[in-house]
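What follows is a set of notes on a single structure, which appears directly below.
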Amino acid sequence: MDLTRKIDVLDKGFVAITDVMGDDTLPARVARTSFNNVDRPRSVEADRKLVRYLLRHKHTTPLEFCQIRYYMKLPIFVARQIIRHRTASVNEISFRYVQASRDFYVPQESFMLTQSEINKQGSSEISVSDPAKCQEIITQISNQAFDAYERLVNEGLALERARIVLPVNTYTEWYWQIDLHNLLHFLRLRLDKHAQLEAREYAQAMLELIKPIFPTATENFQ
Ligand SMILES: Cc1cc2nc3c(=O)[nH]c(=O)nc-3n(C[C@H](O)[C@H](O)[C@H](O)COP(=O)(O)OP(=O)(O)OC[C@H]3O[C@@H](n4cnc5c(N)ncnc54)[C@H](O)[C@@H]3O)c2cc1C
């Protein structure tokens, strides 16, 4: 697997782009089938202008001809949020086949924020009084869960059953493939300040990776 275009995310995760179909001008070329003049030579600027027009007027089908395949390592609780985006194709590592390694996420101190009073599902911008203690509690309980998991595996319990004690901060890995139209929709939702900070970090990495490939479609996200 080619992981050369990769951005590290959180303490042990990453997003890599492994394959891309299409480029910045493909939506314009696809859109021109409507006028049956696909083969007429155009300048890059003419293509970019048409892509902006398509985006502005929500003529989004030509964007669907661009496909982006990512490979990611992410905590299960972030994966649960991202999996809600049904237009992506996903294939995930299975802890029914593979024994989970002791790989869990511990938020950095700056993420140890109090409950927001305004946004009921989010964090405030105020740090808890003892972020290091929160890190210690998370590390301790995660290690205990992994101790229990490994004991169950050593007892001979099937991996599919032993895994039920794993915490939701356990790292998982998957291929995640989506077309450009639905990726922009995903980014609008998951880069929003209402989205969970960790999910936003993944969305930001996904955006950074496609910016050089699709500069016109992503220019509004700059
Ligand atoms: C900040 C935030 C908070 C959230 N909080 C919660 C929560 O508390 N609880 C919870 O359960 N979820 C929550 N979600 C998930 C949210 O409800 C959506 O499921 C998720 O954002 C995917 O959005 P989507 O359906 O537009 O995307 P996709 O699944 O990628 O679908 C893309 C588009 O395709 C179309 N589409 C896809 N499937 C269908 C369908 N079956 N019928 C009709 N049209 C379809 C729709 O136009 C849709 O917008 C939250 C999401 C965000 C961003």
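The values are calculated or read from the model by the stated rules, or taken from the named source; none is laboratory data. Fair warning: this is a prediction, and the values are worked out from it, not measured in the lab. Backbone-built Cβ (ideal geometry, glycine too); neighbour counts: all protein chains shown. With ligands, DNA and RNA removed, areas are computed over all heavy atoms of the protein, side chains included. Shrake-Rupley method; radii C 1.70, N 1.55, O 1.52, S 1.80 Å.
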>> Take the conditions within 11 Å of the ligand (Cβ to nearest atom), surrounded by fewer than 21 Cβ atoms within 10 Å (Cβ to Cβ) and not in a helix (DSSP H, G or I) and apply them to His185. Does it pass?
In response: no
> Among Val51, Val44, which is the only one that is open to solvent by less than 20 Å² (accessible area, probe 1.4 Å) and out of contact with any strand residue (DSSP E or B) (no Cβ under 6 Å at 6 or more places or on another chain)?
Replying inline: Val51
> Considering segment 155-182 alone, what residues qualify as being closer than 17 Å to Phe77 by Cα and not in a helix (DSSP H, G or I)?
Replying inline: Leu166, Pro167, Val168, Asn169, Thr170, Tyr171, Thr172, Glu173, Trp174, Tyr175, Trp176
> Got a sec? Which of Ser129, Ser89, Ser94, Ser124 is free of Cβ contacts under 8 Å to residues at least 12 places away in the same chain, small (Gly, Ala, Ser) and under 20 Å from Thr172 (Cβ atoms)?
Replying inline: Ser94
> Inside segment 196-215, can you point out the residues that are without any contact (Cβ under 8 Å) to a residue 60 or more places away in the chain and open to solvent by less than 20 Å² (accessible area, probe 1.4 Å)?
Replying inline: Ala203, Leu207
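Rundown of residues vs (1) more than 16 Å from the ligand (Cβ to nearest atom); (2) at pLDDT 95 or above; (3) touching a His at 6+ places or on another chain (Cβ under 7 Å); (4) part of a loop (DSSP other than H, G, I, E, B), yes/no style:
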site: Arg40; (1), (2), (3), (4): yes, no, no, yes
site: Glu64; (1), (2), (3), (4): no, yes, yes, no
site: Gln81; (1), (2), (3), (4): no, yes, no, no
site: Asn91; (1), (2), (3), (4): yes, yes, no, no
site: Ala132; (1), (2), (3), (4): yes, yes, no, no
>> Restricting to segment 97-121, name every residue that is free of Cβ contacts under 8 Å to residues at least 40 places away in the same chain, open to solvent by 90 Å² or more (accessible area, probe 1.4 Å) and within 16 Å of the ligand (Cβ to nearest atom).
In response: Gln115, Ile118, Lys120
> Which residue pairs have Cβ atoms under 6 Å apart, sit 6 or more places apart or on different chains, and have a first residue in segment 155-171 that is more than 15 Å from Arg96 (Cα to Cα) and a second that is β-branched (Val, Ile, Thr)?
Replying inline: Val168/Ile76
>> When you check Leu209 against the structure, is it away from the ligand (no atom under 16 Å from the Cβ), within 25 Å of Ala100 (Cα to Cα) and among the aliphatic types (A, V, I, L, M), yes or no?
In response: no
